[in-house]
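Q: I'd like to ask you about the structure that follows.
The values are calculated or read from the model by the stated rules, or taken from the named source; none is laboratory data. Here the structure is a predicted model, which is why all the values come from computation and not from measurement. Cβ sites come from the backbone with ideal geometry, for glycine too, and all protein chains shown count toward neighbours.
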Amino acid sequence: MNKRYKLLFFSLIAMFLSGCGIYTFSGTSIQPDVKSITIVNIENRAMQVNPTLANDMTVALQDKYRKLTKLDMLSEGGDLVVSGYIATYEVTPTAITSEEVASMNRLTISVRIKFVNEKYPEDNFERTFAAYQDYDSNNSLDSVQAILCEQIIETLVEDIFNATVADWK
């Protein structure tokens, strides 16, 4: 009998949380009257340019919001607007050997994001998100760049998503 009460209690809590429209089990906290999002093409303003990075970042952001929200994707005029630019794309040595040679390098990408919530302007922000991946200096950047960028974009998109609609600021 006690087991039935627990099951009923948790079922009611789950129905209440999913029915209020603010919390979903996908991890988002989007107000019920927010129905659409516009993701403006990310620009590449970094000194060193990876020619596919801006497009890859834009597509990854769009895919994330499509998969994890019910927001309509609009080319302009969305209730939420995400825009930004790639600010840095740089390689730095991270581990120096006794011969003063780098044994590891770090690829760092930072993105300046502007988030506008047309219905709830108190949620608006502009901030920089950064992520990096280390790689063995015996490898050239060209040989590892694609996989490193993919991993970094994944981290950046997750951070941006969480800051915008998961309310994990």
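Q: Report whether or not I30 is at pLDDT 95 or above and farther than 13 Å from Y85 by Cα.
A: no
Q: Still on this structure: Pull up the stretch 76-93, narrow it to residues that are exposed (fewer than 15 other Cβ atoms within 10 Å of the Cβ) and part of a strand (DSSP E or B), then point me to the one that is farthest from the chain's Cα centre (by Cα).
A: Top of the filtered list is P93.
Q: For the structure I just gave you, tell me whether Q62 is modelled with pLDDT under 95 and of a type in the set (S, T, N, Q).
A: no
Q: Scan the stretch 134-159 for residues that are under 12 Å from the mean Cα position of the chain (by Cα), more than 16 Å from T88 (Cβ to Cβ) and buried (at least 19 other Cβ atoms within 10 Å of the Cβ) and report the count.
A: Summing the residues that are under 12 Å from the mean Cα position of the chain (by Cα), more than 16 Å from T88 (Cβ to Cβ) and buried (at least 19 other Cβ atoms within 10 Å of the Cβ) in the stretch 134-159 gives 1.
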